[in-house]
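Okay, so here's the structure we're looking at.
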There are 2 protein chains.
Amino acid sequence: MTAELISVGAEILMGNIVNTNAAYLSRKCAGLGLSLYYETVVGDNEERLLEVIKTAWQRAEVVILSGGLGPTEDDLTKETAAKALGRSLYLDEHSRQRILDRFKDRESNTITENNWKQAMVPRDSIVVDNNNGTAPGIIMEEEEKCIILLPGPPGELIPMFENDIYPYLRDKQPEVLCSAMVKICGRGESSVETDILDLINGQTNPTIAPYAKEGEVHLRVTAKADSEEEAEALIRPIVDELFNRFGKLIYTTKEKKTLESVTLDILKERGLKLTTVESCTGGLLGARLVDVPGASAVFTHGFITYSNEAKQQLVDVPAEILQQYGAVSPQTAQAMAEGAIKATGAEVALSVTGVAGPDGGSEEKPVGLVYVGCCVNGNTHVREYRFKGNRTKIRNCSVVNALIFLRELLLDVSN
Amino acid sequence: MTAELISVGAEILMGNIVNTNAAYLSRKCAGLGLSLYYETVVGDNEERLLEVIKTAWQRAEVVILSGGLGPTEDDLTKETAAKALGRSLYLDEHSRQRILDRFKDRESNTITENNWKQAMVPRDSIVVDNNNGTAPGIIMEEEEKCIILLPGPPGELIPMFENDIYPYLRDKQPEVLCSAMVKICGRGESSVETDILDLINGQTNPTIAPYAKEGEVHLRVTAKADSEEEAEALIRPIVDELFNRFGKLIYTTKEKKTLESVTLDILKERGLKLTTVESCTGGLLGARLVDVPGASAVFTHGFITYSNEAKQQLVDVPAEILQQYGAVSPQTAQAMAEGAIKATGAEVALSVTGVAGPDGGSEEKPVGLVYVGCCVNGNTHVREYRFKGNRTKIRNCSVVNALIFLRELLLDVSN
């Protein structure tokens, strides 16, 4: 089956936002075995949008549109897609009620007349509830083909796709497609790819698709077969071979597990409590841990110490250490971690101190120099990093590498 | 003038990379006053690529292609674009020499036969030197129109565009384009738009384009004119009118300012120090403040208190308050903020406590219930929110609304 993506919105054409939705949907289509030959971005203009939808409808079996489902006059996607298939709109009572419910609890926002526009749906379509916004998704089927309309904000589009659209499309595919996600941390993309070039080039079923994230490489191993069991049987030897090559650098093969969730799992199993002390990351490490539901079983206390004074006051870093070695030093990272243990009674502490830039760098301590301290059951280790990139990138790298460092110490992963 | 972008490459269609080139080129085109109505992504397939180029050539005056200029057989962009305009290719001696020079200094790479493919250029075209790679850029002119070919890697595309293509296109454009960014917080998109429908519909120069973010609405006001001064003069009355309508809800008109940066600016001006105490947001508020370079002038101390014990231990929330009212209550939010003031000596404190879900909700205290406490110079205010959505959305909404709340109290903004 072939699919085609249409992203609707002036903010993409103006370059105000990067089209991450298209990248997400492309990856998902690839995972479903849908062939994607074209992606189009078009603005909120009825004539042009209609032309684009009609062209896609001729070329593809599944046309996925995102954006333009908002309540304003600009938002034309639903109206135009319905027009392309010659369908009229009606007020969907279920969607109207959901919008009403969403607004009920909000004090500051009152429903305006244009909000009801979002409850209008094309005749004979499947309405997909939006749990994170007021615009429902829409599926319009015609014989074996379909047009799918998704809301533009990624916080609405992604959960809707995962929960409803992915299963819907999977059921339309005659072949079964299964995949495993092998997640590797602590190695760069090109280095991982070089090590598995023979596997990537050697076969077409299963396929191996690498996808790089900050500090991580995810390998999606995907097999097509007539049954789930057959597909699994094709995938298993490849995953085993990847374990042979990368060992403990593979932190999970589960789609939904993250570096932070597996690290918290290890700590929980061992009954260890974790505390954090953050300087240049300013709470980002804590926020990432708390991203994991149930994190409170392990992580409950954290400190943001964004000045020398805060480091002394909150986690008792000795003034002499700050004076002698500076805030960005292995000695300070160690004192932060150990001070946090004393202040909270946790068994494990992670500390981060560094120069995130753009200012504050020197020849001796350049922008990107970061120390992570990790204290596990009384033993403190400190690692030095030299990251490249802007402030955001340096802070994200710091957080990921702090987690990798902690996991390594817990599992005694050799470097 | 109208422009159109075509991105060529299977890696975009597979979702392996995010199409940041398109976002970059869109922004540049907007800055040049070029109207961009369509962007297309297509793979390395001659038939489909030719179709896409021909369609764009009918619709736009400037067609910009990126990617597919590499040395491999897969790379077809130059050959196909030349074919679309009926031009043949020849070996460009200047480009051949540059490729030779580039390889001279490399130790590990030897020139292979296919490298000379990159020195082939279409007849009667302008060759644009590539200082960061081996694929030259190409401009093919036909009467008033042109097709521009750029290499795909951003490290080659961006410098080439900045140095050569931008000046080339600017010289072709008679008009200047200027814009102002009016950023509004604490109002929903549909509510803002209802209030400015007359302005949006009333004119085409300047145009007003709304763009919604979590808790914010940004309005881009863009004018075309013969000079920068004339464009500015067209924009000014619109911005003044927006201030009439939204007053202090407008927190900036500067592109680069954010809600957190203007809030920190106010605190800095008044010599006030800020501290944070976060439960359900787990450090996200702190991390967002530290996103602003120079935040340490105002924000240096923060606490993550993700359990009752942590709330008592780190910021002295009385056990009785937690027992009587629970961790998610206005009383606890107030005690957290006041405790943080005592523990750090700051003049201003922001506290966040709530149920981020997916578990932990009850009928009385459902998922999405969040209290923000804000203490300014000894007076503590608490506000209750009921957010909808998943864990990430609830936490992001909590952070944005905490910042909006603080700014309101500082500026005494009426609701």
(request) Ignore the peptide's own chain and count Cβ atoms of other chains within 10 Å of each Cβ in A:236-247; give me the average, rounded. (result) 0
(request) Given the peptides B:313-324, B:276-287, arrange them by the average over their residues of other C-beta atoms within 10 Å, most packed first. (result) B:276-287, B:313-324
(request) Considering only A:Leu267, A:Leu289, A:Leu197, give the residue with the highest GNM mean-square fluctuation for chain A, with springs between Cα atoms whenever their separation is below 10 Å. (result) A:Leu197
(message) Straight-line reach from B:Lys257: which aspartates and glutamates fall under 12 Å, measuring Cα to Cα and dropping same-chain residues less than 8 apart?
(response) B:Asp265, B:Asp291
(message) Rounded to whole Å, give me the distance from the Cα center of the range A:199-232 to that of the range B:271-324.
(response) 43
(request) State the Kirkwood hydrodynamic radius of the range B:224-382 in Å, one decimal place, computed from all pairs of distinct Cα atoms. (result) 17.6
(request) Could you pull the copy-to-copy label distances for B:Glu113, with points set 7 Å along Cα to Cβ, in nm to one decimal and sorted shortest first? (result) 7.2
(message) I'd like the mean, over residues of B:185-197, of how many other protein chain beta carbons sit within 10 Å of each residue's own Cβ.
(response) 5
(request) Please state, as a whole number in µm²/s, the translational diffusion coefficient that the Stokes-Einstein equation yields for chain A at 20 °C and 1.002 mPa s, with Rh defined as the Kirkwood radius across alpha carbon pairs. (result) 88
(request) Classify the range A:176-252 as rounded, prolate or oblate, taking a ≥ b ≥ c as the square roots of the eigenvalues of its Cα gyration tensor: rounded when a/c is under 1.5, otherwise prolate if a/b is larger than b/c and oblate if not. (result) prolate
(message) Compute the angle between helix B:259-269 and the longest alpha-carbon principal axis of chain B, please, reported from 0 to 90 degrees and rounded to the nearest 10.
(response) 60
(request) Would you pull out the residues with amide H under 5 Å of A:Gly152's amide H, same chain only if 5 or more places away, H placed 1.01 Å from N? (result) A:Gly67, A:Gly68, A:Leu69
(request) On a 0 to 90° scale, report how tilted helix A:330-344 is relative to the longest principal axis of chain A, with both axes built from alpha carbons and the result rounded to the nearest 10. (result) 80
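Please compute the net charge surrounding A:Asp226, taking Lys and Arg as +1 and Asp and Glu as -1 over other residues with Cβ under 15 Å from its Cβ.
Net charge in that neighbourhood comes out at -3.
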(request) Give the angle, between 0 and 90 degrees and rounded to the nearest 10, that separates the Cα long axis of helix A:93-104 from the longest principal axis of the Cα atoms of chain A. (result) 30
(request) Take chain A, connect every pair of alpha-carbon atoms lying under 10 Å apart with a spring to form a Gaussian network, then pick out the residue of A:Arg48, A:Arg236, A:Arg288 with the largest mean-square fluctuation. (result) A:Arg48
(message) Apply the Karplus curve 6.51 cos²θ - 1.76 cosθ + 1.60, θ = phi - 60°, to the phi angles in the range A:11-27 and return the couplings in whole Hz, x for Gly and Pro.
(response) 5, 7, 5, 7, x, 6, 10, 8, 7, 6, 4, 4, 5, 4, 5, 4, 4
(message) Let me confirm one metric for peptide B:22-33, namely the mean number of other chain beta-carbon atoms within 10 Å of its residues' beta-carbons.
(response) 4
(request) Could you give the size of the charge dipole of chain B about its Cα centre, using +1 on the Cβ of each K and R and -1 on the Cβ of each D and E, expressed in debye and rounded to the nearest 20? (result) 1080
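Beyond a 20 Å Cα-Cα separation, which of these cross-linked pairs lie in this structure: A:Lys104/B:Lys393; A:Lys213/A:Lys256; A:Lys393/B:Lys273; B:Lys183/B:Lys248; A:Lys145/A:Lys224?
Working: A:Lys104/B:Lys393 18 Å; A:Lys213/A:Lys256 15 Å; A:Lys393/B:Lys273 27 Å; B:Lys183/B:Lys248 11 Å; A:Lys145/A:Lys224 22 Å.
A:Lys393/B:Lys273; A:Lys145/A:Lys224, as the Cα separations exceed 20 Å there.
Which of B:Tyr24, A:Tyr38 comes first, and how do the rest follow, when ranked by fewest Cβ neighbours within 10 Å?
Ascending number of Cβ neighbours within 10 Å: B:Tyr24, A:Tyr38.
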(request) Mind listing the long-range amide H neighbours of A:Lys365? Cut-off is under 5 Å, sequence gap 5 or more, other chains count too, H placed in the peptide plane at 1.01 Å from N. (result) none
(request) Evaluate the charge dipole of the range B:37-185 about its Cα centre and quote only its size in Debye, nearest 20, assuming +1 on the Cβ of each Lys and Arg and -1 on the Cβ of each Asp and Glu. (result) 180
(request) Step through the residues of the range A:390-405 one at a time and calculate ³J(HN,Hα) from phi using the Karplus curve (6.51 cos²θ - 1.76 cosθ + 1.60, θ = phi - 60°), rounding each to whole Hz and writing x for Gly and Pro. (result) 7, 3, 4, 5, 4, 5, 5, 4, 4, 5, 4, 6, 5, 5, 4, 4
(request) Could you tell me the distance between the Cα centroids of the range A:9-87 and the range B:361-415, to the nearest Å? (result) 35
(message) I need the shape label for the range A:2-172. Rule: rounded when a/c is under 1.5, else prolate if a/b > b/c, else oblate, with a, b, c from the alpha carbon gyration tensor.
(response) rounded
(request) Taking H placed 1.01 Å from N in the peptide plane, check which residues at least 5 places from A:Asp44 or on another chain put their amide H under 5 Å from its amide H. (result) A:Gly9, A:Ala10
(message) Based on alpha-carbon atoms only, what is the radius of gyration of the protein assembly as shown relative to the globular estimate 2.2 N^0.38 Å?
(response) 0.99
(message) Given axes a ≥ b ≥ c from the Cα gyration tensor, I'd like to know whether the range B:293-415 is rounded (a/c under 1.5), prolate (a/b larger than b/c) or oblate.
(response) oblate
(message) Below 14 angstrom from the Cβ of B:Leu409, what's the summed charge of the other residues (Lys, Arg +1; Asp, Glu -1)?
(response) +1
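Readers should treat all values here as calculations from the given coordinates under stated rules, not as data from a laboratory. This one's a predicted model, so the numbers in the text were calculated from it and none came from an experiment. As a convention, Cβ positions derive from the backbone with ideal geometry for all residues, glycine included, and neighbour counts pool all protein chains shown.
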